[in-house]
Structures are given as structure tokens and as C-alpha cells.
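Scroll down for the structure; my scribbles are underneath it.
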Amino acid sequence: MEPEKRSIDKAAQEMITHMAKAGQQNAWDRLDAQSPQCGFGKQGICCRICSMGPCRVSKKAPLGVCGADADTIVARNFLRAVAVGVSAHSDHGRTVAEVFIETSKGNAKDYKLKDTTKLFKLAKELGVETKDRPVNEIAQDLGEIALAEYGKSKGTQNMAKRAPKPRQDIWAKFDITPRAIDREVVEALHRTHMGVDQDYKNILMHASRTALADGWGGSMLATELQDVLFGTPYPGRGEVNMGVLKKDEVNIIVHGHEPILSEMIAVASQEEELLAKAKKVGANGITVAGTCCTANELLMRHGIPIAGNFLNQELVIATGAIEMMAVDVQCIMQGLVQVAKCYHTKLITTADKAKMPGVEHVSMDEENALTTARKLVSMAIDNYKNRSEVHIPKEKNAAVGGFSFESINYMLGGRFRASFRPLNDNIINGRIRGVVGIVGCTNPKVPQDLTHTTLTRELIKRDVLVLTTGCATIACGKQGFTNPKISLDWAGPGLREVCETVGIPPVLACGSCVDNTRLLVACTELVREGGLGNDISELPAAGACLESVSEKAIAIGQYFVASGAMVVFGKEFLPISGSQNVCDYLFKGIENDLGGRWVVESDPVKAAELILQNIESKRDALGINKEKERKLYDMADRRALAVE
Ligand code: XCC
Ligand code: SF4
């Protein structure tokens, strides 16, 4: 297949051609080899959870051996996907909580509690006494409370109390306020064991509760504690795409998800001693760049460049310029092993729970974090001499990252008046029609980055502010959307005016996938600020992921839906079509219960139209689409007009 059909990213196209010439395989080739893929799996109607199966339901045989029908099987598979996604994010959060505690005890000496302002805010929120107590004691208590959220025997998630009150009431009404995170995941596995929960609606209700344990639990804790440990992100410049790799420097790729590893490699790579060592082997420096969500974490906090997103991971190695790729957890393709063998690249696993056969493992533990990171950087330097031919695409783009909830608040209102008021006002007056989160992965089944960027373009053109996370952010970064110099020209007049006034691009890079919780917090703040209804479900807002890959993306989608938002997925990436009842419920019925709903649409232009319809109907319901009578300007109006 032509490279243009595989990716819209010029650098990726170049590397796809390069790999093909060298006779090497990547995800796209393996997808071809796998095609046609199993139709039962696509529809979610394959069950292999017990040994009477595997069963695949069809017209001819509509029931599994146990008698389970398509509704049960599809719902069960859906809940399992949610549970896996939740466990991945939440285990990430748990690791952060553990490092957080060890840091506050002084056992993880290389980490610091960087944002103490946020630490005190969280302490207050979670009921930790702060008066006359040393910071590390407060942090220790906070860390213990956070860690308990994963396994506490009683009560519900503390952070769920952040949601608007009417939202909490809905969760209480349906008894889906999430309890301990581990408990929801375990219960999901129990319910989907052979012969347990057989009522698809009951199964799907638990999918909501499990997903909420991630959105308002595991992931949210990961984001908050990471901000305290590594600093809350503020906008800063960085660069995105393979052109960030340097021909004359030692290049290290950090790949995966947990900043626990990548933060330390970033520090070590700038140390005098290691830089001197690099000089000695003939390199002019050390470049650290990220792929996948770890890349977003580093760009958000330090402006460290991003080499690419999910589908770039194999291509990056094929540049021949990577001395080391250090990986931790999630979204790491086993295909890397083969590609790395064709080059000098040292592939290193660092998380004890994620090893690869034939790959060297250097265990990353928080007590010796910097020492381990130094060892890794040093190994990369030693490997520089083994380079042969190098082929680095020139492509790269400037990007602004770092839009945490706190920084958006600050940008909008300034230091003394930090507030969402200007955003609310501009949504109410219609300059901005609404807010949409574009999130998630890149899937070889659709041209890489195409749907994320087309949808983004269609939305900002129609005056919709886009917040983005995960590999979608990197897709947007590569195409210039997070660079205000380029993308302001693509924004509709109302959105453009507001963005220029405030000094933000029309597409805000909000971080990694656990940082989707920043979007939940932002939605809550839009409600709290007033004028846009009493609940997230009333907001002119939506979420979209048209190139989903992972079960984490399904968990994220479900927690947005259960928080009241409409979520659009590419049709082929939501494997529920085998049950009409499950489809009816997730596309329609669930809205009556929880206020949000799923939509499937693979065409990004049509998806933009559906989202716009949803936004406008929410605006109608709020009564903010009516022509207003002329009125005297208040402060907020004047502020919004100030830069004309
Ligand atoms: Fe993975 Fe997070 Fe998806 Fe990218 S966006 S492919 S989940 S790296 Ni999270
Ligand atoms: Fe088949 Fe039922 Fe066993 Fe699933 S649980 S594999 S449908 S017998």
C-alpha cells in the first residue's frame, strides 16, 4: 500500500518507504497479513471465557453453549475492555502514589515535591491537617490517602466529590458512585465470569461505575500527584516529529507512560559528566525525545521534544539514529524487537511488570532512580559508535504544550483573577460555540493522524475550542495545530478573536491519557463558573476518538459518557455492533439515565457535524442561542473586547 494511504505525516511516509526498501515490517504490514480480520470479534460476539466455548453467536447458532445471548456476550466483552483500561491507568496512578510516599519519606531522594501550592490544595481537599506541619509529613498523609483509594474497604472515591452536585446525585441514584478502584475492577471480572451477570443493562451499568473509578479516581490521582512531584504544567514551546532527532548527537527515545522513568532520564542526559562522555565518543550532545504519552508528559512540563505517536514507534528506530529506546508500560509494540535487531538500537525494558523476550531489562526502582537513569544514558552513549547509516526525516513543527487546568485558569484570568469566567462568557455570547476533547491513539486501520486532524480543523473552523490529549495531541502537534502562529488562521473568527486576546492556540495540548481528567475538571469548572447549566450534561461540549487502539480509550470514553458527555468513536473501534440492545442502550438509552451517550462515526467531517448539532442543541436548551437585546457592557464583555 502507498505510504500516503498509511499516514498523512510526511516523516512517517518517508520512513515507511525507507523500511519497505530495507525489507522490514511494521504495524501496517502486519495488519495486511492479518486481513481479513475476524468478523465475530469486530462485532463483539465472540466469547471464550469458559471451556465449553469458544462460542461465536450467529443467526444459525444464536446462543453460546451456556445459553448466553449476543446481548450478554457483547456487554460482557465491553465491560472487560473497560476494566482492563481502568486497571492500566490506575496501576500507573498507584505507582505514582507509591513514589510520592517514598519521596515524602525521603527514601526516593532523586524526586522532589515540586509544586507545594498544589500539594496544599490537595491536602485541604482530602482532609489532611496542614497547620504547623512540615511539608513532607503532609505529603506522606496525602500519599497514604491517595494510595488507599485503590483498595480501601469502605466508601467511595474522594475525587468523585469534585463533580457538580447534580452529577453526583445521578451517580448515587443509579448506585454507580465508584468505590475502591481495585474493587470495581475485581467486580467487573467477577461479573463477567461464566454464569454470573447476564443482564446486559446491569453489566453496562457496572461498566460506567468501573470507568468512573478511573476518570474520577485512578487517572485523576495520577495526574494530580504527578503535578505535585514533577510540577504542574504551564504553557511552553517544544517541537514535534522525527526531525527533532539529531544526526550528530546521542539520541535516546523514552517510550511508554510513566514519567517516573522519563523525568530521570531527562535529568541525567543534561549532566556535565555524561555530556562530556558523549563528546568523547564524538557526539555533540544528548537528545532525549519521547513517543506516546510519556512524550506528552515531558513536553508538557519541560518542553522536551516529541518524536512521534503510537504508530511512529517502529519508524523512529528505522532512522538508524536511536542509540537507545527505554520503555516502561503500555502501548509498546512487540514488533519493536524485530526492528531494533536491524539497527544498533538498544531496546531496554524498565518496568518489572512489562518485559520483552530477548530484550535487556534494567529495573527502575524509585530509590535509585537517578543512578539507574545515568546507567541507561551511559549505555546509550557507549552504543553511539555502533551506528551505521542514518536516515532522519527533516519534518518537525513547533508546538505549545502545557495546558493544565491550572494554566488555562491562569491564562484566562491572570494571576489575581484566575478564573474560567472569560471562557464561560465567550461561550455564552457565542464567539466560542463549545468545547470538544479530541483524544486517543493512532490506528493502522485508518491513515495515521488523518481523522484527529481533520476533525480538529473542522471544529476550530466552526468556532469550537479543542482540548486534546494522548496520541491525538501529537497528531495535532505534527500538523501545526498547537502552534498558534499556524493554527489561528484556521480558526473561525469568534474563536480566533478570543484566542488572540488571551494568547492561546485554538487547540490546547492538555497532556497524556491520564490527563483526560484535566478535561473533567475543566468541564466541572465551566459548570461551577455559572451560566452554562448545572451539570456536565448541559454543557455545549463533547469528546471524540476516531482512531482508537487501546482498551484504555474505551474506558476513557465510558467515563466521559457516564459523566454526561457525548463521545464519538470511529465505528470500527467500538466492538458492540453484534447486539442491537447494547447498541440501543449505549447510543440512546444511557442518555436518559446518565446524560451522556456514545456515537459512532468514522468520517471526521460527518463527526464534526454531529458534534456541532449536539453543541447547538445544548446551547438551545441553555437558552444562550437566542438573540440578545443590546445591553450595557459589563466588565467581562469589556475584557473580552479589550484587544480589538
Ligand atoms: Fe497508547 Fe498513551 Fe492510545 Fe497513544 S493515546 S496509543 S493509549 S499512547 Ni493514550
Ligand atoms: Fe460459550 Fe457461555 Fe462459555 Fe461464553 S460463557 S464460552 S458463551 S459457554
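The values are calculated or read from the model by the stated rules, or taken from the named source; none is laboratory data. Note that the coordinates shown come from a computational prediction; the quantities given were computed from them, not determined experimentally. All Cβ positions, glycine included, derive from the backbone under ideal geometry; neighbour counts span all protein chains shown. With ligands, DNA and RNA removed, areas are computed over all heavy atoms of the protein, side chains included. Shrake-Rupley method; radii C 1.70, N 1.55, O 1.52, S 1.80 Å.
Could you tell me which of the residues G85, G93 is part of a helix (DSSP H, G or I), more than 16 Å from ligand 2 (Cβ to nearest atom) and either hydroxyl-bearing (S, T, Y) or touching a Lys or Arg at 6+ places or on another chain (Cβ under 7 Å) (or both)?
It is G85.
What's the total number of residues in the range 260-293 that are of a type outside the set (A, V, I, L, M) and within 22 Å of K478 (Cα to Cα)?
6
To keep it simple, each residue is scored yes or no on (1) touching an Asp or Glu at 6+ places or on another chain (Cβ under 7 Å); (2) more than 19 Å from S577 (Cα to Cα).
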position: A20; (1), (2): no, yes
position: N26; (1), (2): yes, yes
position: L31; (1), (2): no, yes
position: G39; (1), (2): no, no
position: I45; (1), (2): no, no
position: M52; (1), (2): no, yes
position: P62; (1), (2): yes, no
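Which count do you get for residues in the range 414-445 that are aliphatic (A, V, I, L, M), over 21 Å from T482 (Cβ atoms) and within 16 Å of ligand 1 (Cβ to nearest atom)?
Of the residues in that region, 0 qualify.
Name the single residue that is farthest from the chain's Cα centre (by Cα) among those in the range 394-451 being in contact (Cβ under 8 Å) with a residue 24 or more places away in the chain, open to solvent by 40 Å² or more (accessible area, probe 1.4 Å) and within 23 Å of R237 (Cα to Cα).
Ranking the qualifying residues of the range 394-451, first place goes to K394.
Checking G85 against (1) open to solvent by less than 10 Å² (accessible area, probe 1.4 Å); (2) more than 16 Å from ligand 1 (Cβ to nearest atom), only one condition comes out false. Which one?
(2)
Please enumerate the residues belonging to the range 466-503 that are of a type in the set (A, V, I, L, M), open to solvent by 10 Å² or more (accessible area, probe 1.4 Å) and at pLDDT 95 or above.
L467, I486, L488, A491, V498
Could you check the range 261-377 for strands (runs of 3 or more DSSP E) lying wholly inside it with 2 or more residues that are β-branched (V, I, T)?
Of the strands (runs of 3 or more DSSP E) lying wholly inside the range 261-377, those with at least 2 residues that are β-branched (V, I, T) span 286-291, 322-327, 346-349.
Any residue in the range 92-110 that is under 20 Å from D515 (Cα atoms), in contact (Cβ under 8 Å) with a residue 40 or more places away in the chain and of a type in the set (S, T, N, Q)?
Yes, the range 92-110 has at least one match.
From the list L641, L574, L632, which residue is at pLDDT 95 or above and of a type outside the set (F, W, Y)?
L574
Does G256 count as open to solvent by 10 Å² or more (accessible area, probe 1.4 Å), over 19 Å from T524 (Cβ atoms) and touching a helix residue (DSSP H, G or I) at 6+ places or on another chain (Cβ under 6 Å)?
No, not satisfied.
Give just the number: which of (1) closer than 19 Å to I408 by Cα; (2) open to solvent by less than 10 Å² (accessible area, probe 1.4 Å); (3) not β-branched (V, I, T) does L459 not satisfy?
(1)
Go through the range 322-339 and report how many residues are out of contact with any Asp or Glu (no Cβ under 9 Å at 6 or more places or on another chain) and either among the aromatic types (F, W, Y) or away from ligand 1 (no atom under 14 Å from the Cβ) (or both).
6
Only residues that are within 19 Å of L274 (Cβ to Cβ) and either out of contact with any Ser or Thr (no Cβ under 8 Å at 6 or more places or on another chain) or within 16 Å of ligand 2 (Cβ to nearest atom) (or both): list them for the range 288-301, please.
A289
Evaluate the following for G511: is it under 25 Å from R417 (Cβ atoms) and within 16 Å of ligand 1 (Cβ to nearest atom)?
Taking the combined requirement at face value, the residue satisfies it.
For the range 60-71, give me each residue that is more than 8 Å from ligand 2 (Cβ to nearest atom) and of a type outside the set (G, A, S).
Matches in the range 60-71: K60, P62, D69, D71.
If you go through the range 176-234, how many residues are open to solvent by less than 10 Å² (accessible area, probe 1.4 Å) and among the acidic types (D, E)?
Qualifying residue count for the region: 3.
Check the range 65-80 and report whether any residue there is in a loop (DSSP other than H, G, I, E, B), among the β-branched types (V, I, T), away from ligand 1 (no atom under 16 Å from the Cβ) and under 28 Å from the mean Cα position of the chain (by Cα).
Scanning the range 65-80, I find no residue that is in a loop (DSSP other than H, G, I, E, B), among the β-branched types (V, I, T), away from ligand 1 (no atom under 16 Å from the Cβ) and under 28 Å from the mean Cα position of the chain (by Cα), so the answer is no.
Quick test for you: out of G477, G578, G530, G494, pick the one residue that is within 16 Å of ligand 1 (Cβ to nearest atom) and small (G, A, S).
Being within 16 Å of ligand 1 (Cβ to nearest atom) and small (G, A, S) holds for just one of G477, G578, G530, G494, which is G477.
Answer with yes or no whether S363 is buried (at least 24 other Cβ atoms within 10 Å of the Cβ), more than 16 Å from ligand 1 (Cβ to nearest atom) and not β-branched (V, I, T).
So S363 does not fit the description; no.
Could you check the range 146-161 and list, in sequence order, the residues that are surrounded by fewer than 13 Cβ atoms within 10 Å (Cβ to Cβ) and charged (D, E, K, R)?
Passing the criteria: only K154.
Within the group G308, G290, which residue is touching a strand residue (DSSP E or B) at 6+ places or on another chain (Cβ under 6 Å), within 15 Å of ligand 1 (Cβ to nearest atom) and free of Cβ contacts under 8 Å to residues at least 40 places away in the same chain?
Answer to the check: G290.
Suppose the filter is under 30 Å from C50 (Cβ atoms), touching a residue at least 24 places away in the same chain (Cβ under 8 Å), within 16 Å of ligand 2 (Cβ to nearest atom) and not basic (K, R); does A188 pass it?
yes
Mind counting the residues in the range 39-57 that are away from ligand 2 (no atom under 15 Å from the Cβ) and either without any contact (Cβ under 8 Å) to a residue 12 or more places away in the chain or open to solvent by less than 80 Å² (accessible area, probe 1.4 Å) (or both)?
Looking only at that region, the number is 1.
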